[in-house]
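Working notes, structure below.
The values are calculated or read from the model by the stated rules, or taken from the named source; none is laboratory data. As the structure is a computational prediction, the values presented were derived from the model and not from experiment. Every residue, glycine as well, gets a Cβ built from its backbone with ideal geometry; the counts of neighbours run over all protein chains shown. Accessible surface areas use protein heavy atoms only, side chains included; no ligands, DNA or RNA. Shrake-Rupley method; radii C 1.70, N 1.55, O 1.52, S 1.80 Å.
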Amino acid sequence: MGGGGQLTEPVETSACGGRAASVYTWDEVQKHCHRNDQWLVINRKVYNVTQWAKRHPGGLRVISHYAGEDATEAFLAFHPNPKLVQKFLKPLLIGELAVTEPSQDRNKNAAVVEDFQALRTRAEGLGLFQAQPLFFCLHLGHILLLELLAWMSVWLWGTGWRTTLLCSFILAVAQAQAGWLQHDFGHLSVFKLSRWNHIFHKFIIGHLKGASGNWWNHRHFQHHAKPNVFSKDPDVNMLHVFVVGDIQPVEYGIKKIKYMPYHHQHQYFFLGIFSLIHFLYFLRTCALVVQDLAWSMSYYLRYFCCYAPFYGLLGSVALISFVRFLESHWFVWVTQMNHLPMNIDHEKQQDWLSMQLSATCNIEQSCFNDWFSGHLNFQIEHHLFPTMPRHNYQVLAPLVRALCEKHSIPYQEKTLWRGVADVVRSLKNSGDLWMDAYLHK
């Protein structure tokens with residue numbers, strides 16, 4: 001791929017500061033993939049993002065995951081207004097790829113990339129990136145109504161165990177649905193102006209859920225940039241509590257790593273340890289997101305003002321803990337059924353379509369599944385076009401399926417119950433692989 005990483009002579013003058021722009025080979029670009037030396041390519045332009053990465057709104061790590069690579073498809077996927085972002089890129093421009101170099105690097109299929117870009121253009125032409133305000137207003141309204149119903153149930157019927165269970169269930173539903181709604185605003189898929197998306201995102205995740213928007217950004221964009229890629233996707237970093245996929249269990253087994261009895265992980269999964277992992281990550285990141293504390297504290301202040309008069313301080317803590325327990329299991333099952341049974345491996349530098357399809361699958365469409373999962377039953381479409389409003393996934397899905405068939409890329413869709421079962425099956429399979437490697441390799 002290119003001429004041995006050699007830098008050619010400057011051939012033109014850049015638009016930034018009159019400096020001479022150079023042309024590079026892929027071999028040269030790929031050398032700059034370290035923490036303190038990061039280049040990437042967007043539309044054949046070469047950018048030095050070493051310093052900018054620290055100020056990147058999506059987080060330091062997400063942009064670092066593409067250091068030394070072509071980031072064109074990821075750039076288009078994450079930015080609803082690429083032309084606006086160009087003003088930030090302009091001072092970072094250091095050159096472009098040599099004319100003899102292909103537009104794609106490494107294992108990326110040029111035909112797939114071209115057809116996927118054509119699909120993006122078609123989706124834009126169909127207006128699939130346009131949000132329907134009424135959809136999101138109604139969704140927010142039903143969350144607020146659920147919160148009101150939960151409080152009124154206690155106010156009207158007291159604090160008996162039946163009423164408390166009913167209140168807990170209603171609050172858990174409201175929390176889960178608020179989680180899906182903050183996800184929409186976090187992906188900038190509602191308003192045309194990013195600023196309004198950020199404001200509503202902080203309100204919903206902070207005031208309605210008591211969590212941190214910056215924490216969510218830090219983790220979630222990494223997951224989308226490199227799904228199911230070890231050391232890049234934080235969702236497959238299980239803190240040694242689980243081993244996942246087919247590669248990691250064998251690696252742990254050969255190295256005789258045994259932090260947990262992994263051959264029983266499909267059983268202790270039900271204890272809610274996945275939820276504990278997410279909570280530990282939240283605590284670990286809190287020190288970095290002090291600016292979100294006001295939003296989070298407003299949620300807990302509102303909650304205790306509503307429920308402490310009925311349950312007292314300790315009773316209110318017990319209630320919200322039970323609500324979190326219910327909601328976290330809902331969240332984990334929905335998110336893991338789309339990813340955990342899929343391919344989990346080290347970095348392969350695939351094109352966007354191939355990478356996302358190898359790491360995601362869909363759950364079949366129904367009104368209940370759409371509501372229950374926040375339309376993340378269309379996980380494939382969401383990962384391909386994360387800034388697209390979710391109410392348009394159903395229209396997009398047949399187009400994506402046709403593109404996958406054209407290039408013989410597997411497009412997996414399951415029933416809800418099979419998706420749940422596959423989570424357990426995948427954990428058991430990974431545990432068995434670990435046990436075999438631990439005992440015999």
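What are the pairs, 6+ residues apart or on separate chains, where a residue within the range 21-40 that is among the aliphatic types (A, V, I, L, M) has its Cβ under 6 Å from a residue that is open to solvent by 30 Å² or more (accessible area, probe 1.4 Å) and assigned to a loop (DSSP other than H, G, I, E, B)?
Going by the 6 Å Cβ cut-off, the qualifying pairs are 23/8; 23/11.
List every residue pair whose Cβ atoms lie under 6 Å apart, where the two residues are 6 or more positions apart in sequence or sit on different chains, the first residue falls within the range 286-306 and is open to solvent by less than 40 Å² (accessible area, probe 1.4 Å), and the second residue, located anywhere, is part of a loop (DSSP other than H, G, I, E, B) and at pLDDT 70 or above.
These pairs meet every condition: 289/212; 292/212; 296/210; 299/210.
Which members of the range 121-167 meet the condition of being aliphatic (A, V, I, L, M) and within 23 Å of the chain's Cα centre (by Cα)? Spell out the reasoning first.
Of the residues in the range 121-167, the ones aliphatic (A, V, I, L, M) are 123, 126, 128, 131, 134, 138, 140, 143-146, 148-150, 152, 154, 156, 165-166.
Selection gives 123, 128, 131, 140, 143.
Of the residues 138, 128, which single one is modelled with pLDDT of 95 or more, aliphatic (A, V, I, L, M) and surrounded by 14 or more Cβ atoms within 10 Å (Cβ to Cβ)? Spell out how you get there, then give the answer.
Numbers: 138 fails: surrounded by 14 or more Cβ atoms within 10 Å (Cβ to Cβ).
Within the list 138, 128, the selection yields 128.
If I ask for residues that are among the polar types (S, T, N, Q) and open to solvent by less than 20 Å² (accessible area, probe 1.4 Å), which ones from the range 385-441 would you list?
Of all residues in the range 385-441, those among the polar types (S, T, N, Q) come to 387, 392, 394, 408, 412, 415, 426, 429-430.
Selection gives 387, 392, 426, 430.
If you go through the range 42-74, how many residues are in a strand (DSSP E or B), more than 22 Å from the chain's Cα centre (by Cα) and not basic (Lys, Arg)?
Within the range 42-74, the subset in a strand (DSSP E or B) is 42, 45-48, 70.
Next cut, more than 22 Å from the chain's Cα centre (by Cα) only: 45-48.
From what's left, not basic (Lys, Arg): 46-48.
The total comes to 3.
Tally the residues that are open to solvent by 90 Å² or more (accessible area, probe 1.4 Å) and either touching a strand residue (DSSP E or B) at 6+ places or on another chain (Cβ under 9 Å) or modelled with pLDDT under 95 (or both), restricting the search to the range 107-125.
1
Name the single residue, out of those in the range 203-228 being farther than 21 Å from residue 358 by Cβ and not in a helix (DSSP H, G or I), that is modelled with the highest pLDDT.
Applying the first criterion (farther than 21 Å from residue 358 by Cβ) to the range 203-228 yields 203-218.
Next, from what is left, pick out any that are not in a helix (DSSP H, G or I): 209-212.
Values: 209: 93, 210: 89, 211: 87, 212: 86.
Restricting to residues being farther than 21 Å from residue 358 by Cβ and not in a helix (DSSP H, G or I), the top hit is 209.
Quick one: how many residues across the range 22-41 are among the acidic types (Asp, Glu) and either open to solvent by less than 40 Å² (accessible area, probe 1.4 Å) or outside any helix (DSSP H, G or I) (or both)? Even if it seems obvious, please write down each step before you answer.
Start the filter on the range 22-41 by keeping residues that are among the acidic types (Asp, Glu), which leaves 27-28, 37.
This time we only want the ones that are either open to solvent by less than 40 Å² (accessible area, probe 1.4 Å) or outside any helix (DSSP H, G or I) (or both), so: 28, 37.
Within the range 22-41, residues that are among the acidic types (Asp, Glu) and either open to solvent by less than 40 Å² (accessible area, probe 1.4 Å) or outside any helix (DSSP H, G or I) (or both) number 2.
Can you pull out the residues in the range 167-194 that are more than 14 Å from residue 307 (Cβ to Cβ) and without any contact (Cβ under 8 Å) to a residue 40 or more places away in the chain?
Residues satisfying the conditions are 173, 178, 182, 185, 186, 193.
Just need a number here: residues in the range 202-234 that are polar (S, T, N, Q), open to solvent by 30 Å² or more (accessible area, probe 1.4 Å) and in contact with a helix residue (DSSP H, G or I) (Cβ under 6 Å, 6 or more places away or on another chain).
1
Suppose we filter the range 235-267 for residues that are buried (at least 17 other Cβ atoms within 10 Å of the Cβ), assigned to a helix (DSSP H, G or I) and either free of Cβ contacts under 8 Å to residues at least 40 places away in the same chain or touching a Phe, Trp or Tyr at 6+ places or on another chain (Cβ under 9 Å) (or both); how many remain?
9
Enumerate the pairs (first residue in the range 65-79 and open to solvent by 10 Å² or more (accessible area, probe 1.4 Å); second residue anywhere and acidic (Asp, Glu) and at pLDDT 95 or above) with beta-carbon separation below 6 Å, excluding pairs fewer than 6 apart on the same chain, so at least 6 apart or on different chains.
Between residues of the range 65-79 that are open to solvent by 10 Å² or more (accessible area, probe 1.4 Å) and residues that are acidic (Asp, Glu) and at pLDDT 95 or above, there is no close pair.
Considering only the range 287-400, give the helices (runs of 4 or more DSSP H) lying wholly within it that have at least 2 residues that are within 30 Å of residue 137 (Cβ to Cβ) and either of a type in the set (Lys, Arg) or modelled with pLDDT under 95 (or both). It would help to see each step written out before you state the result.
Values: elements: 293-339, 352-359, 367-373, 379-384.
Fully inside the range 287-400 and qualifying: 293-339.
Kindly establish whether residue 200 is assigned to a helix (DSSP H, G or I) and either without any contact (Cβ under 8 Å) to a residue 24 or more places away in the chain or among the small types (Gly, Ala, Ser) (or both).
On the way: assigned to a helix (DSSP H, G or I): yes; either without any contact (Cβ under 8 Å) to a residue 24 or more places away in the chain or among the small types (Gly, Ala, Ser) (or both): yes.
When the stated conditions are applied, residue 200 passes them.
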